[in-house]
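The values are calculated or read from the model by the stated rules, or taken from the named source; none is laboratory data. Keep in mind it's a predicted model, so treat the numbers as computed, not measured. Note that we place each Cβ from the backbone using ideal geometry, even for glycine, and neighbour counts take in every protein chain shown.
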Amino acid sequence: MLTQLANPSVFLRWSGAALPAVAAFAAALLGIGLYFAWFVAPADYQQGETVRIMFLHVPAAWLALFFYGLMAVSALGTLAWRHPLADVSQKAAAPIGAAFTLICLVTGALWGRPMWGAYWVWDARLTSVLVLFLMYCGVLALWRAIEDPGRAARAVAILTLVGAVNLPIIKFSVDWWNTLHQPASVFRLGGPTIHPSILTPLLVMALAFTALGVALHLAGMRTEILRRRVRTLALLEAERLDAQAA
Amino acid sequence: MDLGPHAVFIVMAYAVTGLIVAGLILRAALDHRAQTRALASLESRGARRRLDPSPSLAAGKGASPEATG
């Protein structure tokens, strides 16, 4: 069943049907989430109104990790099974993950200035997320540096898997080191420490960002499949023209 | 709505996020259009994959189950 769904032509069919629904779901959730974030959630007793930045910052941080994780799983698919759809998934995930990491860094800096008095501190959590962003940039550069998609996918897969060591470092940096960044307050053993009036919009926005990310990933994979077909046809046409000329 | 003394930081955070997300969506749409056009152009010139019986690749209909290339 999964093998059949992962066939590129079958993937194009089912993803073409799913994409509008996922995109509409994302748009609706984003509307609801923004309404909650701006008009329902109260100001925080410590952060004041700047808590509204958290409704962007936290989901973006989760998605930054999620897409790198997705790239790492796809990288395994590339190296272990050489599945073409794994290559495509890796490539489509990279710019989306990089964009969410950038959102995380920028919104974090804009929250940090009024709350900490600085846009940036070389704290373990901030620095490890910056390293994640640089990893994404490296992956994107490597995709562009190697022309053959198959060879590029294998090189990127190795780089991605090496960089995956950064994921647990990001997650546990607030526990392993003394950091200015607050510790985990949603996904923790004792349950969330956030009041439901703020937790609800946060989770709705997280779901909205996830749906948006999935829609963009599906769209990116579909385009990448088309790009590879264009490349193949262009090469075949060039071969045919060469043969005619000879 | 009063966003208090830090309104500029809050508005900037939402503006930057909106711009980045809009950029992602726009890039996805433009890239898809470019590849669809390139594929249609190649097919109109008679380009075919060796094992491909039909030109209906762009819609993903009836294409051979071989890989992405």
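At-a-glance table
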read-out: Number of positions in region A:3-22 that are at the interface with another protein chain (Cβ under 9 Å from one of its Cβ atoms) and either under 19 Å from the mean Cα position of the chain (by Cα) or not in a helix (DSSP H, G or I) (or both); value: 2
read-out: Subset tally (residues that are buried (at least 16 other Cβ atoms within 10 Å of the Cβ) and not basic (Lys, Arg)) for region A:33-58; value: 17
read-out: Positions within region A:188-246 being facing another protein chain (nearest Cβ under 9 Å) and either of a type in the set (Lys, Arg) or on the phi > 0 side of the Ramachandran plot (or both), in sequence order; value: A:222, A:227, A:228, A:229, A:231, A:240
read-out: Meets criteria (surrounded by fewer than 20 Cβ atoms within 10 Å (Cβ to Cβ), closer than 30 Å to residue A:35 by Cβ, at pLDDT 95 or above and in contact with a Phe, Trp or Tyr (Cβ under 8 Å, 6 or more places away or on another chain)) for residue A:210; value: yes
read-out: Some residue of region B:39-48 being more than 7 Å from every other protein chain (Cβ to nearest Cβ), part of a helix (DSSP H, G or I) and of a type in the set (Lys, Arg); value: no
read-out: Test for residue A:233: is it closer than 19 Å to residue A:95 by Cβ and without any contact (Cβ under 8 Å) to a residue 12 or more places away in the chain; value: no
read-out: Residue A:78 being in contact with a Pro (Cβ under 8 Å, 6 or more places away or on another chain) and within 14 Å of chain B (Cβ to nearest Cβ); value: no
read-out: Any hit, region A:111-128, residues being buried (at least 24 other Cβ atoms within 10 Å of the Cβ) and closer than 17 Å to residue A:65 by Cβ; value: no
